[in-house]
Amino acid sequence: MQTYRMIKKLFLCAVWFAMLQPSLEAQVLSGHEIPALPDAVARMANLKREWTALQQTPPKLAVRDCFLFLLDALDTHFLEPKQVEWVLKLVQTRMINDPAAGKSYGNIFWGWHETGIDVGDGNNIEFCMQYGLPIKLLFNDRLSDEARKTLDEIFTLGIQGARNQVVRISYTNIFLMKIWNFVAFGQVYHQPAMLEEGRHYFDQWLDHVSRYGNREYDSPTYCGVDLESLLLMYRFTTDADIKSKAKDALTFLLNDLTAHYNPVAGILAGAHSRDYNRVFSRDLLEEKYMNPLLGRANNNVHLFHQLCLATLKELGLSPDQQNWMHRKNRFIVQRWDSLANAYACDFVGQKVSLASSNQAYSPDDKPFVIYLNSSRIPEMPNIAFVMEGRDDHYGTWATEGMGEKMKQLMPPGYPSNGGWGKTRHLMPFMQSAQNKGELVMLVSGNKDHNCIKDYLNSTIILPNYFDELWTGNHKIPVPSIGHQVLIDETRTFFARFEDVAIAFRFLWDNADPGVMPVLYNDGYKFEASREKFPLIHNGTLRITLQHPNTGKANIAIWWKTAEGINTDQAFVEFRQEVLNAAVSVKEENGTVDIFVPTQSGKLGVRADLATKKRLEYYNPAPLPIDFLFNIDGKEIGKPVLERYTIPAQK
């Protein structure tokens, strides 16, 4: 009996092991290797959660995520053939198959409640096909005839939806998905014309980026999506030309990412075009790709992400990319749009980096930011400036569901794509001059459709992990939760973290007389809501200046950082340099001229705020001439992509 029980136990273990085999070791199906996932148990638990969510009425799984689910379900034999058919037919019900829908024809709704024939945001077809086409490439032979027929119908209609959707070339993540979708569709269904259409889009995009850079620059979310589409092309395409172009595009993108990357904190530093985490910048890019690539934990539970990560690991980082990532005191200047003033700067020291963008990109960008970290505290909230009109200082509007709670405040005629439920700040006029570890910024904004207050706020988010704080010549305590400290008449704030010193001097603003910046402790602690990860040191403070009830805000601030401040005397000298600087501020007929004298020379800007024109930059270290992506005076972007610049027709 005991022998029988042992044999039975061994048999059951063997069966369980066989069930997990697809995720425990790499397989080769349809000529493509399928990489192992890091945790088979976590993967199976996620599959069960998603299957349960999908069977709710209405389903609690987003339409596009059904394709992620199916890819794993087919890999692990999680579903019966009839269940796969059911999922695909359920997804098919969300497609718009009425030709009268115009540009929405062939697209697919994001959720399960929309009705009619207007898809609204047409990007979902790109996501669905990006996630779904690997099913055809890897598991077409595991589909029943009925499932295969339904999936083919979805993609055949979907490629029309992708063609109908007009995507501007600077909308990087969506445009790259569109390229992948046409290339993969043409290859899977043996339609050369479709593949050539994808190649045409790719050539257009490469030409654009070779001239103007990546407009959707350094986004912790969407640079991850960019990587995915390029990695999928590199992994699956059988077209040598497209594979070569994908490799060059990946080199350009990875040059950018590694130059800004902070491996100690596990974050993409620098200014960001689109950043859904105002307090701590970590999202899809870091969690799914860069951090596992660099040796941190791999928590991927979807085969789609693991396919992309495995391809990224096969490519690896070049010696130059690794060097840039670890080079101290590097200064990066990058162009990100065809507009002359669209560029960003980033100075990366040992424990501190300071970054700025000279122009607003979006209502969720991060244009002025400092990142701090050390071996003692490797990860903490960033220091970031934001101008907004919701009293949403930390960007929690979306996670707290404030859009629905404040729906009665939505103004008449609110734009359909305005993002009322999303975290939004202003897209103000901005101009900045940055010389390595210091900058002068000028920002001017007006109340917009996302504001719910008559006034605007200028807020600087801070981590609550400084060793000492000062305003003027007065040392101040960290306010207790719910309390505040007034910034004194010098309008300066100083902080010290280990041997790093930071200063803000408010140079000019339109606040009412007597209104000063205030240091607040709201007790806010950051909790990740998108990618799930713990942040131990998650406490914050903020400095906020409230502007008048006119709905207008003007402000100029001098930001200064320094390292090697190892003594009290060194910190005194740092503070006195800022306090004693002979600041120049001139305002006349809407033109503002502001500069500060620094050890390197005059630093500041001059702008016509009435016409929103940048008139002059005062910078002791002028920008490189005709740059695309430049590190320490060396152009590294053009050599990669200049071969793709299409000559102008005469």
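The values are calculated or read from the model by the stated rules, or taken from the named source; none is laboratory data. Every value quoted in this text rests on a predicted model; they were computed, and no experiment measured them. So basically every Cβ, Gly included, is an ideal-geometry build from the backbone, and we count neighbours across all protein chains shown. Note: accessible area is taken over every heavy atom of the protein model, side chains too, but ligands, DNA and RNA are not part of it. Shrake-Rupley method; radii C 1.70, N 1.55, O 1.52, S 1.80 Å.
Taking the Cβ of residue 466 as the centre, find all other residues whose Cβ is under 10 Å away and add up their charges (Lys, Arg: +1; Asp, Glu: -1). Please list the in-between numbers first.
Working: positive: 496; negative: 467, 468, 498.
Residues near residue 466 contribute -2 overall.
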Check your understanding: Are there trypsin sites (Lys or Arg not before Pro) in the range 166-211 that DSSP puts in a loop and that have at most 15 other Cβ atoms within 10 Å, and which ones?
Key -> 168
Practice item. At most 16 other Cβ atoms within 10 Å and a DSSP loop assignment: could you name the trypsin sites (Lys or Arg not before Pro) in the range 235-344 that fit? Key: 296, 327, 328
Revision key, fill the gap. To the nearest 10 degrees, the tilt of helix 222-236 (Cα long axis) against the first principal axis of the alpha carbons of the chain is 40 degrees
Point to revise | Answer label, with Kirkwood radius over Cα pairs in Å calculated from the coordinates and candidates [x] 29.1; [y] 26.6; [z] 27.7 | key: [y]
Check your understanding: Could you state the number of Å between the C-alpha centres of the range 619-650 and the range 56-97?
Key -> 46 Å
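Which of the residue pairs 82/178; 103/405; 245/313; 405/453; 552/602; 405/447 have a Cα-Cα distance greater than 26 Å in the structure shown?
Values: 82/178 31 Å; 103/405 33 Å; 245/313 18 Å; 405/453 15 Å; 552/602 29 Å; 405/447 20 Å.
Among 82/178; 103/405; 245/313; 405/453; 552/602; 405/447, the Cα-Cα distance tops 26 Å for 82/178; 103/405; 552/602.
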Review point. Whole-Hz Karplus ³J(HN,Hα) for the range 116-127, in order, using 6.51 cos²θ - 1.76 cosθ + 1.60 and θ = phi - 60°, x for Gly and Pro?
Key: x, 10, 9, 6, x, 6, x, 6, 5, 4, 5, 5
**Study point:** Distance from the range 467-511 to the range 112-173 (C-alpha centre basis), Å
**Key:** 52 Å
Study note, to complete from the structure: The answer for GluC sites (Glu not before Pro) in the range 479-561 that fall in a DSSP coil and have at most 16 neighbouring Cβ atoms within 10 Å is 489, 527
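Using a 1.4 Å probe on the protein chains only, how many percent of the accessible area of the chain belongs to carbon and sulfur? The partial results should precede the final answer.
On the way: 13900 of 26360 Å².
So the carbon and sulfur contribution to the accessible surface is 53 percent.
Counting only heavy atoms of the protein chains, get the accessible area per residue of the chain (1.4 Å probe) and round it to a whole Å² value. Kindly include the intermediate steps, with their values, before the conclusion.
Working: 26360 Å² over 650 residues.
Accessible surface, normalised per residue, equals 41 Å².
How high is the relative contact order of the chain, given as a whole-number percent (alpha carbon pairs under 8 Å, six or more residues apart)? Working shown, then result.
Values: 1275 pairs, mean separation 69.1, N = 650.
Dividing the mean separation by the residue count of the chain yields 11 percent.
Around residue 568, under 13 Å between beta carbons, what's the net of Lys plus Arg minus Asp minus Glu among the other residues?
Numbers: positive: 475, 496, 575; negative: 467, 468, 499, 573.
Result for the neighbourhood of residue 568: -1.
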Review point. Taking the Cα atoms only, what angle lies between the long axis of helix 568-579 and the longest principal axis of the chain, rounded to 10 degrees?
Key: 80 degrees
